[in-house]
Amino acid sequence: MVPDVKITNIRRLRYLGICAAFCAIVMTQLIAQPARPRARDIGIAPGVFPPGPLNAITDVEGVRVGHTTLVEGEAVRTGVTAIVPHGGNVFQDKVAGAVFVGNAFGKLAGSTQVAELGTIETPIVLTNTLSVGTAVDAVARYTIAQPGNEQVRSVNPLVGETNDGGLNDIRGFHVTREHVLDAIRSAKGGAVAEGAVGAGTGTVCYGWKGGIGTSSRRLERTGYSVGVLAQTNFGGNLTIAGVPIYRSLQPPSRRSADAARGGVTGSVFARSAPADERASADGSCMLVVATDAPLDARDLRRLAARAVFGLGRTGSSYSNGSGDFAIAFSTATEMRSRFN
């Protein structure tokens, strides 16, 4: 490939990362159950590049997604989401990968080795904050149990989280090893369940119900795709396709706070939130970015950064208590690393 053409393609891929991340987050605001439409079904089509056939991370060939959703009684609303980079033995056939940190108030187990070596060797698992340890244990056990890994003595599970304690009994440690294994084993291609499923079951976004969202973009000239899956659990002022939704529509918790202060209306409240509402900026987002473009770890980190930048287009805000992370990987076979 001519060098200047390659640079142009990488720039476009990074822009695709922003667009796909933005759309993945928008999806979580529009979908809470299968009967509800996706953004494009109601005419919301951000960006200039076309989506893939499914408008999902699974438009990147070989990528699979699985969910385990836990809903029990009135208190348990949590789960696990697993993203598997390809259909083979990921430990033996590691994908090029990178991590970008927007704000580091969060737990992304395994990120330091990814940053050091530029490879990902396990499925990527998302869950709640206090279940990261359980997920690490499960991913390690899953990996060493795979045929061909009988002599493996070191595994780097990659596990991220957001805190669903607002809607879930997080202190109950309801996620088990089997729940994590079920999410990995059930991972499949095709359409991806969104909304209050898997690791998004108990999350909150902009004061509304958060969850899992996904989207993709495609470069028609080269055929490369970028797909993003988002676990959304953060605050800010909801903006969709540049429209400041927050000025005319506020979630019930904020409307209640308005009434208690004497009827401050949505637009005024959104521009001058008092101190007792600033906590709504806290929260976290985990973004997983997949591409079939043959990018190395350095350029994958740049791609991951653009996904985090995409958060800004939806009205999000960083704060001391936000954990904003993106994990990016390439499925291109020429970028993989064989064990040993």
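Is at least one residue of the stretch 268-285 of a type outside the set (Val, Ile, Thr) and modelled with pLDDT of 90 or more? Outline the logic, then answer.
Initial filter on the stretch 268-285 (of a type outside the set (Val, Ile, Thr)): 269-285.
If we keep only those that are modelled with pLDDT of 90 or more too, we end up with 284-285.
Yes: one or more hits.
Return the residues of the stretch 208-257 that are within 29 Å of residue 332 (Cα to Cα) and either outside any strand (DSSP E or B) or aliphatic (A, V, I, L, M) (or both); say none if nothing qualifies.
Within the stretch 208-257, 212, 219, 220, 221, 222, 223, 224, 226, 228, 229, 230 qualify.
Working only within the stretch 137-177, note down all residues that are touching a helix residue (DSSP H, G or I) at 6+ places or on another chain (Cβ under 9 Å) and among the β-branched types (Val, Ile, Thr).
139, 152, 155, 159, 162, 170, 175, 176 - these are the residues of the stretch 137-177 that are touching a helix residue (DSSP H, G or I) at 6+ places or on another chain (Cβ under 9 Å) and among the β-branched types (Val, Ile, Thr).
Checking residue 96 against (1) closer than 27 Å to residue 69 by Cα; (2) in contact with a Pro (Cβ under 9 Å, 6 or more places away or on another chain), only one condition comes out false. Which one?
Failed condition: (1).
Counting only residues that are touching a residue at least 60 places away in the same chain (Cβ under 8 Å) and either aromatic (Phe, Trp, Tyr) or closer than 20 Å to residue 338 by Cα (or both), how many does the stretch 84-114 have?
Selection size over the stretch 84-114: 16.
Residues of the stretch 101-125 being touching a Phe, Trp or Tyr at 6+ places or on another chain (Cβ under 7 Å) and closer than 15 Å to residue 326 by Cβ, which ones?
Those that are touching a Phe, Trp or Tyr at 6+ places or on another chain (Cβ under 7 Å) and closer than 15 Å to residue 326 by Cβ: 101, 102, 103, 106, 108, 120.
Considering 104, 32, 109, which residue is open to solvent by 20 Å² or more (accessible area, probe 1.4 Å), under 16 Å from residue 286 (Cα atoms) and modelled with pLDDT under 95?
Going through 104, 32, 109 in turn, just one is open to solvent by 20 Å² or more (accessible area, probe 1.4 Å), under 16 Å from residue 286 (Cα atoms) and modelled with pLDDT under 95: 104.
Filter the stretch 163-195 for residues that are surrounded by 14 or more Cβ atoms within 10 Å (Cβ to Cβ) and acidic (Asp, Glu); which is farthest from residue 35 (Cα to Cα)?
Of everything passing the filter in the stretch 163-195, 169 is farthest from residue 35 (Cα to Cα).
Which condition does residue 130 not pass, out of (1) within 19 Å of residue 331 (Cα to Cα); (2) buried (at least 18 other Cβ atoms within 10 Å of the Cβ), if it passes all the others?
Among (1) within 19 Å of residue 331 (Cα to Cα); (2) buried (at least 18 other Cβ atoms within 10 Å of the Cβ), the lone unmet condition for residue 130 is (1).
Just wondering, is there one or more residues in the stretch 57-64 that are at pLDDT below 65 and surrounded by fewer than 17 Cβ atoms within 10 Å (Cβ to Cβ)?
The answer is no; no qualifying residue exists.
Going by the structure shown, is residue 293 among the small types (Gly, Ala, Ser), in a helix (DSSP H, G or I), under 13 Å from residue 226 (Cα atoms) and touching a Phe, Trp or Tyr at 6+ places or on another chain (Cβ under 6 Å)?
So residue 293 fails the test.
Just checking, how many residues over the stretch 119-161 are in a strand (DSSP E or B), farther than 16 Å from residue 68 by Cβ and among the hydroxyl-bearing types (Ser, Thr, Tyr)?
Result for the stretch 119-161: 1.
Please enumerate the residues belonging to the stretch 299-313 that are touching a residue at least 60 places away in the same chain (Cβ under 8 Å) and either more than 19 Å from residue 226 (Cα to Cα) or open to solvent by 10 Å² or more (accessible area, probe 1.4 Å) (or both).
Narrowing the stretch 299-313 to residues touching a residue at least 60 places away in the same chain (Cβ under 8 Å): 299-311, 313.
Selection gives 299, 301, 302, 306, 309, 313.
For the structure I just gave you, tell me whether residue 71 is touching a residue at least 40 places away in the same chain (Cβ under 8 Å), aliphatic (A, V, I, L, M), touching a Lys or Arg at 6+ places or on another chain (Cβ under 7 Å) and open to solvent by 40 Å² or more (accessible area, probe 1.4 Å).
It is true that residue 71 is touching a residue at least 40 places away in the same chain (Cβ under 8 Å), aliphatic (A, V, I, L, M), touching a Lys or Arg at 6+ places or on another chain (Cβ under 7 Å) and open to solvent by 40 Å² or more (accessible area, probe 1.4 Å).
The values are calculated or read from the model by the stated rules, or taken from the named source; none is laboratory data. What you are looking at is a predicted structure, and each value in this text was computed from that prediction instead of being measured. Every residue, glycine as well, gets a Cβ built from its backbone with ideal geometry; the counts of neighbours run over all protein chains shown. Accessible surface areas use protein heavy atoms only, side chains included; no ligands, DNA or RNA. Shrake-Rupley method; radii C 1.70, N 1.55, O 1.52, S 1.80 Å.
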